[in-house]
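What follows is one structure encoded as structure tokens, with my remarks underneath.
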Amino acid sequence: MRIIGGQHRGLALAAVGVGDKGASLRPTPDRVREAVFNVLLGGRYGDPVSGARVLDLFAGTGALGLEALSRGAAFASFVDDGKVAGGLIRDNLRRAGRAGDAALIARDAKSLGAGEPHDLVFLDPPYGKGMGAPALVAALAGGWIAPGAVVVWEERTPQPAPPGFTLSEHRKYGESHITLLRANPGG
């Protein structure tokens, strides 16, 4: 696994190894990350990456947030309560030299509490566990998601927009379905 584009293009990320069976670590494949960023930067969404505050929920290895930092995001918050995931994220931030413009939040993504607004949200919960919508709703309620923010949600199946969000589109890449949402202006 590596960073696909931007300043850190080609940087090898920490290997997941045996992973964390309880947390179901399943990093987004390089080709899917590349496709997602091609969609994000392809014009329909403007440029939601440059200068953005990025929220990476169920961050795992942190590959999505790191890809955004590599491509010009200003700051990334990585949320994952898994011990293995936390170690991988810290290692990957060190490899990229990005610890200064990132935060690791070791909390359950479904109960974040209050936070600062982010412009771009990556959501990659364990497939089929019904954790994505509650995490998005909690993040929105806690002020973590800015009005109009773009949300990229990876799951096994296309996902409906939860309250406070509008569906933009669904895309399929191999076994992954990407649901793109916008946070409603009024929340």
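The values are calculated or read from the model by the stated rules, or taken from the named source; none is laboratory data. Fair warning: this is a prediction, and the values are worked out from it, not measured in the lab. In this analysis, Cβ positions are derived from the backbone assuming ideal geometry, glycine residues included, and neighbour counts consider all displayed protein chains.
Listed values, structure above:
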| quantity | calculated |
| --- | --- |
| Residue selected from segment 66-79 under the condition crowded, with 24+ Cβ neighbours inside 10 Å and in contact with a Leu (Cβ under 8 Å, 6 or more places away or on another chain), by the criterion nearest to Gly97 (Cα to Cα) | Leu66 |
| Some residue of segment 90-101 being assigned to a strand (DSSP E or B) and closer than 11 Å to Val54 by Cβ | no |
| Hits in segment 40-50 - residues which are modelled with pLDDT of 95 or more and either exposed (fewer than 12 other Cβ atoms within 10 Å of the Cβ) or not in a loop (DSSP other than H, G, I, E, B) (or both) | Leu40 |
| Failed item, numbered, when Ile105 is tested on (1) within 16 Å of Arg33 (Cα to Cα); (2) touching a Gly at 6+ places or on another chain (Cβ under 9 Å) | (1) |
| Residue count, segment 32-64 (criterion: of a type in the set (Val, Ile, Thr) and within 22 Å of Ala109 (Cα to Cα)) | 4 |
| Pair list, Cβ under 6 Å, 6 or more apart: segment 42-61 residue touching a residue at least 60 places away in the same chain (Cβ under 8 Å) and within 11 Å of Ala149 (Cα to Cα), other residue in a strand (DSSP E or B) and among the aromatic types (Phe, Trp, Tyr) | Arg53/Phe75 |
| Residue that is surrounded by the most Cβ atoms within 10 Å (Cβ to Cβ) [pool: residues in segment 82-97 that are of a type outside the set (Gly, Ala, Ser) and free of Cβ contacts under 8 Å to residues at least 40 places away in the same chain] | Ile89 |
| Candidate set from segment 100-120 (those that are free of Cβ contacts under 8 Å to residues at least 60 places away in the same chain and hydrophobic (A, V, I, L, M, F, W, C)); member that is surrounded by the fewest Cβ atoms within 10 Å (Cβ to Cβ) | Ala114 |
| Flag for Arg53 being buried (at least 19 other Cβ atoms within 10 Å of the Cβ), among the basic types (Lys, Arg) and modelled with pLDDT under 95 | no |
| Residues (among the acidic types (Asp, Glu) and more than 21 Å from Leu136 (Cβ to Cβ)) located in segment 57-102 | Asp91, Asp101 |
| Scan of segment 115-129 for residues that are over 20 Å from Asp47 (Cα atoms) and either at pLDDT 95 or above or under 14 Å from the mean Cα position of the chain (by Cα) (or both), ordered by number | Gly115, Glu116, Asp124, Pro125, Pro126 |
| Lone qualifier among Ala96, Ala102, Ala74, Ala106 - being of a type in the set (Gly, Ala, Ser) and under 28 Å from Pro158 (Cα atoms) | Ala106 |
